[in-house]
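Each value in this text was obtained by applying a stated rule to the coordinates, not by laboratory testing. Keep in mind that what you see is a predicted model, and the values were worked out from it rather than measured. Cβ coordinates were reconstructed from backbone atoms using ideal geometry, including for glycine residues, and neighbour counts include every protein chain displayed.
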Amino acid sequence: MKSLAPWVTFLNVRDIEKHFSAGDKINRTTLTEKRLVRKNEGKGIVKILGGGNLTKKFSFSGIILSKPAREKIEKAGGTIQT
C-alpha cells in the first residue's frame with residue numbers, strides 16, 4: 001500500500017546561503033533547478049529550517065519556514081511571500 005502522506009523536504013538556511021546568490025528568488029522551482037529538491041518531490045512540501053547562518057538577502061515564496069529561519073531571513077533583509 002502506498003503512503004498518502006506528501007513528500008517533505010527539509011533544508012537549512014545554510015543550504016540556501018551556499019547554493020544561491022544574493023537577491024535570488026527562492027521557491028520550489030529554483031530549489032529543483034539547483035537540485036536541492038528532487039523533481040519527484042516537487043509536488044511535496046518544502047520546509048526551510050534555521051540551521052546555519054544567513055547573510056545574503058533572498059526573496060522566498062511558496063515555502064514553509066520555521067520560526068528561526070523566518071527570523072534569520074528577515075534579519076538579513078530578505079522578504080517572505082505567503
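Observations
- Reported label for calculated Rg and Dmax of the Cα atoms in Å given (i) 12.5, 45; (ii) 23.8, 62; (iii) 11.8, 35: (i)
- Amide H contacts under 5 Å for K57, placed H, 5+ residues apart: G23
- With R₀ set to 25 Å, the beta-carbon distance separating S59 from R38 gives a calculated FRET efficiency near 0.65.
- Rounded to the nearest whole Hz, the Karplus-based 3J(HN,Hα) values (6.51 cos²θ - 1.76 cosθ + 1.60, θ = phi - 60°) of segment 16-33 follow the sequence 5, 4, 6, 9, 10, 9, 3, x, 5, 8, 10, 8, 4, 5, 5, 5, 5, 4, with x at glycine and proline.
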